[in-house]
Amino acid sequence: MKKKAVFNWSGGKDSALALYKILQQDEYEVIALLTTIDERTSMHLIPEQLLDTQAECISIPLHKVFLPSKGLEGYESAMRKAVEYFKSLGVNDFIFGDIFLHDVKKYREAQLSPYGINVIEPLWKSSEEVIVDFLESGIKTRIIVTQADKLDESFVGKDIDKSLIESLPAGVDPCGENGEYHTFAYGGPLFKKEVPFATKQSEILTYDVKLDDGQIQTFSYWHTPIQSID
């Protein structure tokens, strides 16, 4: 009998690759894709409607966690309710698409182990190894956000392939693991059919963030908005 599991879904390439690997192993019954939503978009600026369509095209139900605030406390409270819900359904395993980040794994384990939930990390390799696996998988993803000081406007709106990875500037993680870019997965062997979507004109987004020392730092991102096609 397969073990019941929940997959923590971001909608991007790492999530898609991790889920694809898990489904290939045939060890887990993934009963839901769990995603967090703030102001009608995911943390990677994927609209809620497209998250719904992704799940439909993968054929796994989507469970949405709506964040009441942008603070850590609000996030942890919302996630705690979701964990308790899935625990009541007999789930003991939460699967993530993290890449060899020990601090992140320790945080997840600290949050989930009190509930008897195991943290499963199918992509626990270096970024260089993961991007090779991704390119070989055939999963289709499009870059929709870049950190403006790392990757310019020419990168947003492009699909990830070997040529694009080779064109990344020096110092940029090939998987964008330091936040250099975020993606939207829409096709390939994970999906029963491709997600229909359209891209809009790219735009620059800026956010002012208050640092621990009280100073305000501005972060800028290139963003290619995406929308559903009815």
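Just one of Leu164, Leu190 is out of contact with any helix residue (DSSP H, G or I) (no Cβ under 7 Å at 6 or more places or on another chain), at negative phi and outside the structural domain of Glu48 (by TED's automatic domain parsing); which is it? Walk me through it before giving the result.
Values: Leu190 fails: out of contact with any helix residue (DSSP H, G or I) (no Cβ under 7 Å at 6 or more places or on another chain).
The conditions single out Leu164.
Considering only segment 212-230, how many residues are assigned to a strand (DSSP E or B), hydroxyl-bearing (Ser, Thr, Tyr) and in contact (Cβ under 8 Å) with a residue 24 or more places away in the chain?
Applying the first criterion (assigned to a strand (DSSP E or B)) to segment 212-230 yields 216-223, 226-228.
Now narrow it down to the ones that are hydroxyl-bearing (Ser, Thr, Tyr): 218, 220-221, 228.
Add one more test, that the residue is in contact (Cβ under 8 Å) with a residue 24 or more places away in the chain, and what stays is 220-221, 228.
The number of residues fulfilling the criteria is 3.
Go through segment 72-92 residue by residue and tally those that are in a helix (DSSP H, G or I) and either over 16 Å from Phe7 (Cβ atoms) or of a type in the set (S, T, N, Q) (or both). Write out each step before concluding.
So in segment 72-92, the residues in a helix (DSSP H, G or I) come out as 72-88.
From what is left, the residues that are either over 16 Å from Phe7 (Cβ atoms) or of a type in the set (S, T, N, Q) (or both) are 72-78, 80-81, 84, 88.
Number satisfying all stated conditions: 11.
Could you run through segment 107-131 and say how many residues are of a type outside the set (Asp, Glu) and more than 18 Å from the chain's Cα centre (by Cα)? Before you say what the answer is, go through the steps one by one.
Of the residues in segment 107-131, the ones of a type outside the set (Asp, Glu) are 107-108, 110-120, 122-127, 130-131.
Narrowing further to those that are more than 18 Å from the chain's Cα centre (by Cα): 110-118.
Total satisfying the criteria: 9.
Pairs needed: first member in segment 195-211, closer than 25 Å to Ser228 by Cα and in the same structural domain as Thr224 (by TED's automatic domain parsing); second member anywhere, of a type in the set (D, E, K, R) and part of a strand (DSSP E or B); C-beta distance under 6 Å; at least 6 residues apart or different chains.
Partner pairs satisfying both residue conditions: none exist.
Quick test for you: out of Thr199, Thr183, pick the one residue that is under 17 Å from Gln49 (Cβ atoms) and surrounded by 13 or more Cβ atoms within 10 Å (Cβ to Cβ). Give the derivation first.
On the way: Thr183 fails: under 17 Å from Gln49 (Cβ atoms).
Residue meeting the stated conditions: Thr199.
Could you list, in sequence order, all residues of segment 134-160 that are within 15 Å of Asp173 (Cβ to Cβ) and of a type in the set (D, E, K, R)?
Asp149, Lys150 - these are the residues of segment 134-160 that are within 15 Å of Asp173 (Cβ to Cβ) and of a type in the set (D, E, K, R).
Tally the residues that are over 26 Å from Ser77 (Cα atoms), within 16 Å of the chain's Cα centre (by Cα) and without any contact (Cβ under 8 Å) to a residue 24 or more places away in the chain, restricting the search to segment 1-50.
0
Could you identify the single residue in Gly138, Gly90, Gly97 that is at positive phi and out of contact with any Gly (no Cβ under 7 Å at 6 or more places or on another chain)?
Numbers: Gly138 fails: out of contact with any Gly (no Cβ under 7 Å at 6 or more places or on another chain); Gly97 fails: at positive phi.
From the options Gly138, Gly90, Gly97, the qualifying one is Gly90.
Could you list all residues from segment 44-66 that are over 30 Å from Met1 (Cβ atoms) and either surrounded by 17 or more Cβ atoms within 10 Å (Cβ to Cβ) or among the acidic types (Asp, Glu) (or both)?
So in segment 44-66, the residues over 30 Å from Met1 (Cβ atoms) come out as 44-50, 53, 66.
Once the filter is applied, which keeps residues that are over 30 Å from Met1 (Cβ atoms) and either surrounded by 17 or more Cβ atoms within 10 Å (Cβ to Cβ) or among the acidic types (Asp, Glu) (or both), segment 44-66 yields His44, Leu45, Ile46, Pro47, Glu48, Leu50, Thr53.
Report, ordered by the first and then the second residue, all pairs with beta carbons closer than 6 Å, sequence separation of six or more or different chains, a first member in segment 108-124 that is of a type in the set (Ser, Thr, Tyr), and a second member that is buried (at least 19 other Cβ atoms within 10 Å of the Cβ) and assigned to a helix (DSSP H, G or I).
Final answer for the pair search is Tyr115/Val83.
The values are calculated or read from the model by the stated rules, or taken from the named source; none is laboratory data. Keep in mind that what you see is a predicted model, and the values were worked out from it rather than measured. Ideal geometry is used to build each Cβ from the backbone, glycine not excepted, and the neighbour counts take in all protein chains shown.
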